[in-house]
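K.L.:
One structure coming up, written as structure tokens, with questions to follow.
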Amino acid sequence: MRRAFAILAMPGNALTGARLAWRSVDRIWRVAGDTATDFNHYSKRAILAGVYGSTSLVFLDDESEDMAETRAFLDRRIGDVMRFEKAKGRWRSSTIHRPSLSRFLGRLRYPAI
């Protein structure tokens, strides 16, 4: 796994690495039952890619019993994501009328017929 990360991190393989990461997180969300087609489709996958990638790197160097360091790191990252989502929820509830970026991106992906 360490060698695979090193190879995919090379400049010539960066696009392949990004594609593989995106496919992985997309599959994880689809297996989890995600059916989002708006901006959430992309934001969920981008957030998961960050959490998954950083946790994988911690996992490579974790020598603690029962992967305790990796589990603690993952718990902290999930906590960070939840804090972000709470702040986003407060921001959304504070504004009444504004253009919807998610609706716009959803229309680009699935245009009205």
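K.L.:
Quick one: which of Thr70, Thr16 is β-branched (Val, Ile, Thr) and touching a residue at least 12 places away in the same chain (Cβ under 8 Å)?
P.N.:
Values: Thr16 fails: touching a residue at least 12 places away in the same chain (Cβ under 8 Å).
Every option except Thr70 fails the conditions.
K.L.:
Cβ contacts < 7 Å: first residue surrounded by fewer than 10 Cβ atoms within 10 Å (Cβ to Cβ), restricted to the range 84-113; second residue at pLDDT below 80 and in a loop (DSSP other than H, G, I, E, B), any location; separation 6+ or different chain. Result?
P.N.:
Matching pairs, first to second residue: none at all.
K.L.:
Could you figure out which of (1) in contact with a helix residue (DSSP H, G or I) (Cβ under 6 Å, 6 or more places away or on another chain); (2) surrounded by fewer than 12 Cβ atoms within 10 Å (Cβ to Cβ); (3) not β-branched (Val, Ile, Thr) isn't true of Met10?
P.N.:
(1)
K.L.:
I've got another one for you. With surrounded by 15 or more Cβ atoms within 10 Å (Cβ to Cβ) and among the aliphatic types (A, V, I, L, M) as the only criterion, which of Ala21, Ala32 stands out? Walk me through it before giving the result.
P.N.:
Numbers: Ala32 fails: surrounded by 15 or more Cβ atoms within 10 Å (Cβ to Cβ).
Of the residues listed, the single one that is surrounded by 15 or more Cβ atoms within 10 Å (Cβ to Cβ) and among the aliphatic types (A, V, I, L, M) is Ala21.
K.L.:
So, Leu48, is that one touching a residue at least 40 places away in the same chain (Cβ under 8 Å), of a type outside the set (Lys, Arg) and closer than 24 Å to Ile7 by Cα or not? Show your work before the answer.
P.N.:
Values: touching a residue at least 40 places away in the same chain (Cβ under 8 Å): no; of a type outside the set (Lys, Arg): yes; closer than 24 Å to Ile7 by Cα: yes.
The answer is no for Leu48.
The values are calculated or read from the model by the stated rules, or taken from the named source; none is laboratory data. A quick note: this is a predicted structure, and the numbers were derived from the prediction, not measured. Cβ: placed from backbone, ideal geometry, glycine included. Neighbour counts: every protein chain shown.
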